[in-house]
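Quick notes on the structure that follows.
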Amino acid sequence: MSTEKLELFEVFIRSKRGLDHRHIGSLHAEDHEQALEYARDCYTRRSEGVSLWVVKSGDIVASQEDDSESFYDPSDDKPYRHATYYKLPDEVNNM
Amino acid sequence: MKTDNNTEREALFQQRVDNEEKIEPKDWMPDEYRKNLIRQISQHAHSEVIGMQPEGNWITRAPSLRRKAVLLAKVQDEGGHGLYLYSSAETLGISRAEMIEALQSGKAKYASIFNYPTLSWGDIGAIGWLVDGAAICNQVSLQRTSYGPYARGMVRICKEESFHQRQGYEIMLVLAQGNEEQKRMAQDSLNRWWWPSLMMFGPHDSESAHSAKSMKWKIKRETNDDLRQKFIDQTIPQIEFLKLDYPDPEIKWNEERGHYDSGELDWEEFYAVIKGDGHCNRERIQHHVKAHEEGEWVRQALHAYNEKKRAQKAA
Ligand SMILES: [Fe+2]
Ligand SMILES: [Fe+2]
Ligand SMILES: [Fe+2]
């Protein structure tokens with residue numbers, strides 16, 4: 001087995017309790033545990049966060065921007081999903 | 001864990017809560033806190049999902065294509081809210097299947113307002129305006145709940161809720177400015193949905209079984225009675241703007257308190273509906289079971305398709 005081609009991991013960090021984990025970057029590692037340690041060394045040297053997630057890049061299934069027309073298009077012709085679509089008189093507009 | 005000592009752990013936990021820090025899934029937490037949260041979040045999730053039924057009842061009979069599209073979008077949102085909430089309960093170690101089982105067997109509750117029937121189109125207006133309005137009051141407050149995944153779910157939900165109440169009020173506005181029959185319909189819907197909406201905030205603080213602990217742990221941020229008063233105060237001017245009659249003859253501005261006074265709720269009705277004797281309790285659960293069972297072939301088909309794909313890949 002090649003020791004050159006380590007697996008690619010994506011790193012997510014929670015910068016503060018109460019916030020969602022955010023994608024912050026990626027790295028190569030042998031396994032999940034090692035990835036977590038590398039992530040700590042690479043991405044949290046200045047107390048950037050309180051919690052890390054590592055996920056194998058290959059396990060991420062992503063939609064493509066090119067697909068966006070068929071994937072997201074219907075939203076644009078459904079303006080009634082937005083609060084601003086409903087015009088209410090000033091007296092009750094704080095709703 | 002730094003310490004094996006439960007009292008120390010609990011002190012640290014409480015300190016976090018007191019400091020307005022969120023509790024996250026992997027943190028140590030008291031068993032009671034976990035249980036309390038699972039009860040409250042799953043109950044909230046069930047409410048979103050069961051709440052699709054009374055409104056779904058009018059999708060095919062909405063008075064125009066526009067109203068139908070709006071109602072569909074709203075009911076679709078509520079299904080999504082159920083999903084966010086089930087997922088956040090799952091971070092506490094309970095499975096979706098266990099929660100659904102508890103709902104269907106009657107072990108778990110959902111907001112009893114959804115056991116009232118939707119008799120007229122006006123009811124769709126009243127639900128958006130009052131029921132979503134009351135839910136928003138509660139959910140805005142819960143954006144500051146101490147459990148991270150629940151708080152974040154609430155932020156997402158509140159963003160989406162904003163149109164629900166406005167579309168409901170818009171329906172009411174059209175009816176209230178319409179002909180005599182339409183005005184009567186609006187008034188009748190207001191009268192029927194007012195009281196159950198107030199009951200959504202739960203029993204009086206003095207009667208509420210879970211309140212004290214929930215406040216200390218900041219699962220709840222405001223008490224039932226405070227939230228109810230907030231809702232009453234904000235809704236009465238909206239009733240006046242519609243030029244409808246108060247649904248409660250005891251509603252009166254109290255200068256001294258700086259709040260509206262209002263009549264006592266019918267708590268006997270409240271507990272009867274919770275215990276299963278509302279108009280639609282049985283129907284709601286039966287429908288949920290039926291939909292779940294009728295969906296079984298879809299789940300099986302998905303599973304079979306996956307197996308097939310896996311076999312193809314292996315070959
Ligand atoms: Fe909702
Ligand atoms: Fe809700
Ligand atoms: Fe809603």
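So, A:TYR86, is that one among the aromatic types (Phe, Trp, Tyr) and under 18 Å from the mean Cα position of the chain (by Cα) or not? Quick ask: steps written out before the conclusion?
Numbers: among the aromatic types (Phe, Trp, Tyr): yes; under 18 Å from the mean Cα position of the chain (by Cα): no.
Answer is no for this residue.
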Filter region B:82-125 for residues that are out of contact with any Phe, Trp or Tyr (no Cβ under 6 Å at 6 or more places or on another chain) and within 14 Å of another protein chain (Cβ to nearest Cβ); the one that is least open to solvent (accessible area, probe 1.4 Å) is B:GLY125
Expected output for region B:255-284 (first residue assigned to a loop (DSSP other than H, G, I, E, B), partner of a type in the set (A, V, I, L, M, F, W, C), Cβ below 7 Å, 6+ apart or cross-chain) is B:SER262/B:ILE232; B:SER262/B:ILE251; B:LEU265/B:TRP195; B:LEU265/B:LEU198; B:LEU265/B:MET199; B:ASP266/B:TRP195
Among residues of region B:41-70 being of a type in the set (A, V, I, L, M) and more than 16 Å from ligand 2 (Cβ to nearest atom), the residue most open to solvent (accessible area, probe 1.4 Å) is B:LEU65
Checked region B:300-315 for anything assigned to a helix (DSSP H, G or I) and open to solvent by 100 Å² or more (accessible area, probe 1.4 Å); matches are B:GLN300, B:LEU302, B:HIS303, B:TYR305, B:LYS308, B:ARG310, B:GLN312, B:LYS313
Flagged in region A:10-34 as within 14 Å of another protein chain (Cβ to nearest Cβ) and open to solvent by less than 60 Å² (accessible area, probe 1.4 Å), in numbering order, are A:PHE12, A:ILE13, A:ARG14, A:ARG17, A:GLY18, A:HIS21
Those residues of region A:36-69 that are modelled with pLDDT under 90 and either within 14 Å of chain B (Cβ to nearest Cβ) or open to solvent by 100 Å² or more (accessible area, probe 1.4 Å) (or both) come to a total of 7
Looking across region B:136-163 at residues that are open to solvent by less than 20 Å² (accessible area, probe 1.4 Å) and within 15 Å of ligand 3 (Cβ to nearest atom), the single one that is farthest from the chain's Cα centre (by Cα) is B:PHE163
From the option list B:MET215, B:MET185, B:MET172, single residue qualifying as away from ligand 1 (no atom under 16 Å from the Cβ), surrounded by fewer than 18 Cβ atoms within 10 Å (Cβ to Cβ) and in a helix (DSSP H, G or I) is B:MET215
**Asked** Quick one: would you say B:ARG144 is within 12 Å of chain A (Cβ to nearest Cβ) and not in a helix (DSSP H, G or I)?
**Response** yes
Those helices (runs of 4 or more DSSP H) completely within region B:1-102 that have 3 or more residues that are over 25 Å from the mean Cα position of the chain (by Cα) are B:6-18
Within region B:50-81, restricting to residues that are within 12 Å of ligand 3 (Cβ to nearest atom) and farther than 22 Å from B:LEU119 by Cβ, the one that is nearest to the other protein chains (Cβ to nearest Cβ) is B:ALA73
Screening B:GLY178, B:GLY133, B:GLY128, B:GLY153 for residues that are away from ligand 2 (no atom under 16 Å from the Cβ) and either out of contact with any Lys or Arg (no Cβ under 7 Å at 6 or more places or on another chain) or over 20 Å from B:GLU269 (Cα atoms) (or both) leaves only B:GLY178
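The values are calculated or read from the model by the stated rules, or taken from the named source; none is laboratory data. Keep in mind that this is a model prediction, so the values were computed, not measured. FYI the Cβ positions are ideal-geometry reconstructions off the backbone, even for glycines, and counts take in every protein chain you see. Each accessible area value is taken on the protein alone, full model and side chains, heavy atoms only, with ligands, DNA and RNA left out. Shrake-Rupley method; radii C 1.70, N 1.55, O 1.52, S 1.80 Å.
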